[in-house]
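Colleague: Mind having a look at this structure? Questions to follow.
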Amino acid sequence: MNQRTRVYLSRHGQIDGYESIPVYGYTDVDITRIGVLQMESLAERLRLTNIRAIYASDLRRSVKGAEIIGKYHDVPLYFLPELREMFFGDWEGITLSELEKQFPEELKKRKQALLTYKIPGNGESVLEFSKRITTCYQKILSAQRGQAVLIVAHGGVNRVILCQALGLDLSRLFSLHQDYGCLNIIDIHDDGAQVRLVNG
């Protein structure tokens, strides 16, 4: 029998310092009051769904979102370091404008080899990051086969999962936008994935 696994995939709410466009991967920052409202709004949207488990990155911005939504669902919450955003090495915590000033040559190298370029300071390449996320995602799907599950993650994490579901090459990663507090819905069938909503 063809079992459907439904994945509700969300991004955390607005983060502290968002206005300066910071490079936060593993950097553990909180969400703003607006971020809380975004997650409360998403919690209302998902209130009547039959979610059987909630997974999130173990970083505060995702944990908070998972806990806010989890108030309406008496289900297990799992906080996984494997679901963290990409690790940006020496770029962690600086703003996009500072990054462009301090590392122009490195940014050029990254643009030329987006998938394999490793960020200075032991940062992840997009391929390494994708492998980490895909491995974790497949474990979640195996554990929750035939159920509905919520994943509260990060922009980059969601893009990797969506690229896979849509059959897009990883080089298209940044063609997919993810707003704070957005929702994506993916149905997984035995013969493939059907994407029902992106950045909703």
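Each reported figure results from applying straightforward, stated rules to the coordinates on display, with no laboratory input. Quantities reported herein were computed from a predicted structural model and do not represent experimental measurements. A quick note on method: Cβ atoms are made from the backbone with ideal geometry, for glycine too, and the neighbour counts reach across all protein chains shown.
Colleague: Taking H placed 1.01 Å from N in the peptide plane, check which residues at least 5 places from ALA53 or on another chain put their amide H under 5 Å from its amide H.
Modeller: Those qualifying (amide H under 5 Å, at least 5 residues apart or on another chain) are LEU150.
Colleague: So, one more: Calculate one ³J(HN,Hα) per residue across the range 180-194 by plugging θ = phi - 60° into the Karplus curve 6.51 cos²θ - 1.76 cosθ + 1.60, and present them in order as whole Hz with x for glycine and proline.
Modeller: So the Karplus estimates, Gly and Pro as x, are 4, x, 7, 10, 10, 10, 10, 9, 9, 10, 4, 9, x, 10, 10 Hz.
Colleague: Have a look at the DSSP beta bridges in the range 5-197 and tell me what percent are antiparallel, nearest 5.
Modeller: The antiparallel proportion sits near 45 percent.
Colleague: What percent does the relative contact order of the chain come to when contacts are Cα pairs within less than 8 Å and at least six residues apart?
Modeller: Result for the chain is 34 percent.
Colleague: Further, regarding this structure: List the lysines whose Cα sits under 27 Å from the Cα of LYS139, skipping any in the same chain fewer than 8 residues away.
Modeller: Excluding near neighbours in sequence, the set is LYS64, LYS71, LYS118, LYS131.
Colleague: Related question: Under the rule of at least 5 residues apart or a separate chain, name every residue whose amide H is placed under 5 Å from the amide H of VAL29.
Modeller: Residues meeting the criterion, in which the H sits 1.01 Å from N, are ARG60, ARG61.
Colleague: Most fluctuating residue of GLN14, GLN164, GLN112 in a GNM of the chain with Cα springs under 10 Å: which is it?
Modeller: Of GLN14, GLN164, GLN112, the Gaussian network model singles out GLN112 as fluctuating most.
Colleague: Please enumerate, by chain and number, the aspartates and glutamates with C-alpha under 12 Å from the C-alpha of LYS108, excluding those fewer than 8 residues away in the same chain.
Modeller: GLU100
Colleague: Here's a follow-up. Can you tell me the orientation of helix 33-45 relative to the chain, as the angle in degrees between its alpha-carbon axis and the longest Cα principal axis, to the nearest 10?
Modeller: Between helix and principal axis, roughly 30 degrees.
Colleague: Turning to a different aspect of this structure: Springs between alpha-carbon pairs under 10 angstrom, Gaussian network model over the chain: which of VAL36, VAL75, VAL149 fluctuates most?
Modeller: Of VAL36, VAL75, VAL149, the Gaussian network model singles out VAL75 as fluctuating most.
Colleague: Arranged from highest to lowest average of other beta-carbon atoms within 10 Å per residue, in what order do the peptides 80-89, 120-129 appear?
Modeller: The peptides rank, most packed first, as 80-89, 120-129.
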